[in-house]
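The values are calculated or read from the model by the stated rules, or taken from the named source; none is laboratory data. This is a predicted model, so every value here is computed, not measured. Note that each Cβ is placed from the backbone with ideal geometry, even for glycine, and that neighbours are counted across all protein chains shown.
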Amino acid sequence: MKQINFTLNGKPVSLEVQGQESLLTIIRTYLEQTGTKYGCGIGECGACTVLINKEPVRSCMTLAEDIEGKEIISIEGLSVDGELHPIQEAFISHDALQCGFCTSGMIMNAYGFLLQNPNPSREKIIVGMESNLCRCGAYNRIVDAIETAGKEMPKKVKL
Ligand code: FES
Ligand code: FES
């Protein structure tokens with residue numbers, strides 16, 4: 001067993017793990033934060049996306065032993081004092097989800113993308129989001145939402 005220390009959504013976490021568990025397992029099973037979804041489990045769909053040190057990663061492909069000292073943000077960390085993040089607001093206002101299974105991964109990937117690409121073009125959004133899959137095919141509305149969020153995010157307080 002191995003002790004790991006990291007922060008999740010700004011709160012320090014200290015856990016004993018075997019080390020070979022995925023970050024997705026740590027978040028969902030050990031910490032019972034189920035907003036991050038298990039889709040494919042092999043790095044293909046993006047449903048499990050979280051940010052590590054502000055970079056989007058696939059938590060199903062990230063080992064617990066590799067998160068020591070890192071700053072992790074999951075979907076539960078995006079709203080502040082009950083106020084939704086501009087990306088969450090934009091997903092709601094554009095109705096950018098159907099079953100919702102891909103949504104938290106889409107939002108987290110969009111968050112990492114928008115941090116690096118403020119107010120991007122539609123074409124850039126499509127390229128930046130192409131590795132996140134939506135089985136319901138809500139892609140056009142997802143891109144609409146990210147386009148709106150890209151304009152709103154710089155005006156509002158960021159995490
Ligand atoms: S569950 Fe991680 S990429 Fe699909
Ligand atoms: S809304 Fe159902 S998978 Fe995207």
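Brief remarks follow.
- Within this structure, Gly69 fails the test of being assigned to a loop (DSSP other than H, G, I, E, B) and either within 16 Å of ligand 1 (Cβ to nearest atom) or at pLDDT below 95 (or both).
- Within segment 31-54, considering residues that are in a loop (DSSP other than H, G, I, E, B), of a type outside the set (S, T, N, Q) and within 12 Å of the chain's Cα centre (by Cα), the one nearest to Glu76 (Cα to Cα): Gly35
- Scanning segment 95-122 for residues being more than 19 Å from Thr25 (Cβ to Cβ), within 12 Å of ligand 2 (Cβ to nearest atom) and either part of a helix (DSSP H, G or I) or touching a residue at least 12 places away in the same chain (Cβ under 8 Å) (or both) gives a total of 9.
- Top-ranked residue in segment 72-84 [being outside any loop (DSSP other than H, G, I, E, B) and in contact with a Leu (Cβ under 9 Å, 6 or more places away or on another chain); ranked as modelled with the lowest pLDDT]: Val80
- Residue match in segment 93-116 (condition: out of contact with any helix residue (DSSP H, G or I) (no Cβ under 8 Å at 6 or more places or on another chain), away from ligand 1 (no atom under 16 Å from the Cβ) and of a type in the set (Gly, Ala, Ser)): no
- Picking from residues in segment 130-159 that are touching a helix residue (DSSP H, G or I) at 6+ places or on another chain (Cβ under 6 Å) and not in a helix (DSSP H, G or I), the one that is nearest to ligand 2 (Cβ to nearest atom) is Asn132.
- Among residues that are crowded, with 23+ Cβ neighbours inside 10 Å and either within 18 Å of Ala149 (Cα to Cα) or at pLDDT 95 or above (or both), Gly46 is included.
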